[in-house]
Amino acid sequence: MKTYLVGGAVRDELLGLPVREKDWVVVGSTPEAMLAAGFKQVGKDFPVFLHPKTHEEYALARTERKTGQGYHGFSCYSSPDVTLEQDLSRRDLTINAIAKAESGDIIDPFQGQQDLKNKIFRHVSPAFSEDPVRILRIARFAARFRSFGFKIADETMALMQHMVQSGEIDALVSERVWQEMLSALSEEHPSAFFLVLRACGALARLWPDLDCLWGIPQPEQHHPEIDTGVHVMMALDLAAKLSPDTQVRFAALSHDLGKGKTPEKNWPSHRGHEELGVACIEAFAGRYRIPHEYRDLAILVSRYHLHCHRAFELRADTMLKTLEALDVFRKPDRFEKFLLACTADARGRKDKEQEAYIQVDRMRAAYQIAKGVNVDRLREQGLTGEKLGEKIHQERVRAIAAGFDEHQSRY
Ligand code: CTP
C-alpha cells in the first residue's frame with residue numbers, strides 16, 4: 001500500500017501558505033487492512049479512515065459515479081486496483097488534484113502546478129458538473145485567494161453557467177450553502193465569493209434579493225459609486241477589514257436588501273428601504289436556517305442604520321428609543337457589532353473609505369449617559385413596574401439631552 005498527500009494541503013504548500021489540514025489517499029489497500037493497521041473508519045458512504053495517532057484523514061483511492069441529483073446521488077467504487085490517477089481525476093479543480101508521494105515527488109496528471117503558477121481555477125473533467133457544491137467551492141476559493149489574482153478558466157465558467165441553467169444548482173441543500181457562505185465571509189475579501197456566484201448566475205437562484213441590487217441606482221451625493229450592488233460589496237469588504245466577526249460582515253452585506261424592493265419610479269431615492277429589508281433578511285434566514293444571532297443583528301442594522309448615520313440629528317428621545325430597540329442595556333456587545341456594521345456602510349462607498357465616522361462616538365456617548373442614570377435611586381423612591389419603567393425612560397432622555405448640549409458645545 002502507498003499513501004499520498006492530496007488536495008488542499010499540497011495546493012497550499014505549493015502556494016507558500018500554511019497548511020490547514022492534511023488529507024491522504026491510500027492506494028492498494030482494503031478497509032480490512034486499514035482496520036487491522038489500527039485506523040478508525042469514519043463515515044459510511046466513503047472508505048475514509050482516521051490515523052490512530054495523527055487523526056488525519058486517509059481515504060482509499062476511489063472512483064465516483066453520478067446516480068442521481070445532489071450530493072447523495074453518488075455511488076463510489078474503491079478497491080486495491082483503483083489508481084492514484086483515477087482518484088485524482090474525480091476531483092474538482094486541477095489545483096486540488098495534485099498529489100505528493102512520501103518521497104516528496106509531485107504527481108500532477110492534470111497540470112495543476114501550471115494552473116497554480118498562472119493562477120487559474122480550472123475543472124479537472126466534465127464530472128465537475130455532477131456536484132453543485134463545487135460552484136460554491138470555487139467562489140469560496142476566489143475569496144480566499146483573491147490577493148493572488150486567480151481567474152476562472154473560461155471553460156470552467158461556462159460549465160458553472162450550464163450547471164445553473166440546467167437546475168443542478170437547485171439540488172444544493174440549505175445547510176451547505178450557508179456553511180460555504182459563512183466560510184467565505186471569514187475570508188479577507190468575501191465580496192469575491194458573491195461576485196463569482198453572480199457571474200455564473202448562481203446568485204440569482206440562491207439569493208435573488210442580493211442579486212437584484214446590481215443596476216439599482218442610489219443618490220450620487222451620498223453614494224458616489226451609485227450602484228447598490230457595488231456599494232454592498234464595498235461595505236462587505238470594509239466590514240472584513242474592520243472586524244473578524246462574521247456576524248458583522250453578514251449584517252454589512254445585507255443592510256440594504258430593501259433597496260431592491262423600491263419601486264423603480266422612486267429611484268434613486270429609497271425611502272423606507274430599512275423596513276423593506278427586514279422581510280428580505282427574514283426570508284433568507286428561514287430559507288438557509290441561519291443562526292439567530294446573524295439574523296437578529298442583520299435585522300437591527302437594516303432597520304436602524306440610518307438612525308446611526310443621523311446620530312447628530314436625533315432628538316434625545318429618539319436616540320433613547322433607538323438604543324432601547326437595539327437592546328443595548330442587555331446586549332452591549334451586539335451594540336458594538338451594530339456600530340461596526342454601520343461604519344462599514346458609511347465608509348464602504350467610493351472615496352469614503354478613509355473618512356471619519358464619528359456618529360458611532362455619539363451613539364456610544366448616548367448609551368454611556370443613559371446607562372449612568374441611577375435606577376436604584378428611582379427604586380428607592382418607591383417606584384415599581386410600569387411607573388418605574390416610565391421614570392427611568394424620562395430620566396435617561398433628560399440625561400442624554402443634557403449630555404448632548406454639553407457635547408455640542410465641545411464640538
Ligand atoms: N473535493 C472535490 N469536490 C468536492 C469536495 C472536495 O473534488 N466537492 C476534493 C478536492 O480535491 C479537495 C479535496 O477533495 O482538494 C479535499 O476537500 P476539502 O478538505 O473539503 O477541501 P480543500 O481543497 O482541502 O480545501 P480547504 O482548504 O478548504 O480544506
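Going residue by residue through the stretch 61-80, is there one that turns out to be over 26 Å from E175 (Cα atoms), of a type in the set (D, E, K, R) and surrounded by fewer than 16 Cβ atoms within 10 Å (Cβ to Cβ)? For the stretch 61-80, residues over 26 Å from E175 (Cα atoms), of a type in the set (D, E, K, R) and surrounded by fewer than 16 Cβ atoms within 10 Å (Cβ to Cβ): absent.
Taking the stretch 149-212 and the helices (runs of 4 or more DSSP H) fully enclosed by it, the elements with 1 or more residues that are within 16 Å of the ligand (Cβ to nearest atom) and in contact with a His (Cβ under 6 Å, 6 or more places away or on another chain) are at 154-165. Only one of the listed residues (E324, E313) is closer than 20 Å to V397 by Cβ and in contact with a His (Cβ under 9 Å, 6 or more places away or on another chain). That residue is E324. On the given criteria, is T83 away from the ligand (no atom under 15 Å from the Cβ), at pLDDT 95 or above and not hydrophobic (A, V, I, L, M, F, W, C)? It is true that T83 is away from the ligand (no atom under 15 Å from the Cβ), at pLDDT 95 or above and not hydrophobic (A, V, I, L, M, F, W, C).
Among residues belonging to the stretch 94-104 that are more than 17 Å from A61 (Cβ to Cβ) and out of contact with any Asp or Glu (no Cβ under 8 Å at 6 or more places or on another chain), point out the one that is nearest to the ligand (Cβ to nearest atom). Filtering first and then ranking leaves G104. Only residues that are crowded, with 22+ Cβ neighbours inside 10 Å and farther than 22 Å from P263 by Cβ were counted across the stretch 206-236, and they come to 5.
Only helices (runs of 4 or more DSSP H) whose full extent lies in the stretch 277-373 are considered here, and the ones with at least 2 residues that are modelled with pLDDT of 95 or more and closer than 19 Å to A239 by Cα are 292-309, 332-347, 359-371.
Residue-wise test of (1) at pLDDT below 95; (2) under 28 Å from the mean Cα position of the chain (by Cα); (3) among the aromatic types (F, W, Y); (4) more than 12 Å from the ligand (Cβ to nearest atom).
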| site | (1), (2), (3), (4) |
| --- | --- |
| V6 | no, yes, no, no |
| D12 | no, yes, no, no |
| P18 | no, yes, no, no |
| D23 | no, yes, no, no |
| A37 | no, no, no, yes |
| H51 | no, no, no, yes |
| T63 | yes, no, no, yes |
| T67 | yes, no, no, yes |
| G73 | yes, yes, no, yes |
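Contact annotation: residue pairs with Cβ atoms under 6 Å, 6 or more positions apart or on different chains, pairing a residue in the stretch 143-156 that is within 17 Å of L15 (Cβ to Cβ) with a partner that is assigned to a loop (DSSP other than H, G, I, E, B), are A143/E187; A143/H189; A143/P190; R144/E187; R146/H189; F148/K119; G149/K119; F150/K119.
I169 passes every criterion in (1) among the β-branched types (V, I, T); (2) surrounded by fewer than 18 Cβ atoms within 10 Å (Cβ to Cβ); (3) not assigned by TED's automatic domain parsing to the domain that holds Y357 apart from (2). With the requirement that a residue be in contact (Cβ under 8 Å) with a residue 40 or more places away in the chain, of a type in the set (A, V, I, L, M, F, W, C) and closer than 29 Å to F148 by Cβ, what does the stretch 10-60 give you? Answer for the stretch 10-60, where residues must be in contact (Cβ under 8 Å) with a residue 40 or more places away in the chain, of a type in the set (A, V, I, L, M, F, W, C) and closer than 29 Å to F148 by Cβ: V10, L14, L15, V25. Anything in the stretch 316-371 that is without any contact (Cβ under 8 Å) to a residue 12 or more places away in the chain and among the small types (G, A, S)? List them, or say none. The one that is without any contact (Cβ under 8 Å) to a residue 12 or more places away in the chain and among the small types (G, A, S): A356. Each residue in the stretch 114-134 was checked for being more than 10 Å from the ligand (Cβ to nearest atom), buried (at least 19 other Cβ atoms within 10 Å of the Cβ) and not in a strand (DSSP E or B), and 3 of them qualify.
Taking the stretch 20-34 as the range and being surrounded by 13 or more Cβ atoms within 10 Å (Cβ to Cβ) and farther than 15 Å from A101 by Cβ as the test, the residues that pass are S29, T30, P31, A33, M34.
Yes or no: the stretch 183-201 includes at least one residue that is of a type in the set (S, T, N, Q), surrounded by fewer than 19 Cβ atoms within 10 Å (Cβ to Cβ) and under 19 Å from R287 (Cβ atoms). Yes, some residue in the stretch 183-201 is of a type in the set (S, T, N, Q), surrounded by fewer than 19 Cβ atoms within 10 Å (Cβ to Cβ) and under 19 Å from R287 (Cβ atoms).
Of the set (1) of a type in the set (A, V, I, L, M); (2) under 30 Å from S75 (Cβ atoms); (3) within 20 Å of the chain's Cα centre (by Cα), all apply to L195 but (2).
Of all the criteria given as (1) among the aliphatic types (A, V, I, L, M); (2) more than 30 Å from D131 (Cα to Cα); (3) not assigned by TED's automatic domain parsing to the domain that holds F335, the one not satisfied by A202 is (2). Quick one: is Q111 on the phi > 0 side of the Ramachandran plot and not acidic (D, E)? Taking the combined requirement at face value, the residue satisfies it.
The values are calculated or read from the model by the stated rules, or taken from the named source; none is laboratory data. These numbers come from a predicted model, not from an experiment. Cβ atoms come from the backbone with ideal geometry, glycine included; neighbour counts cover every protein chain shown.
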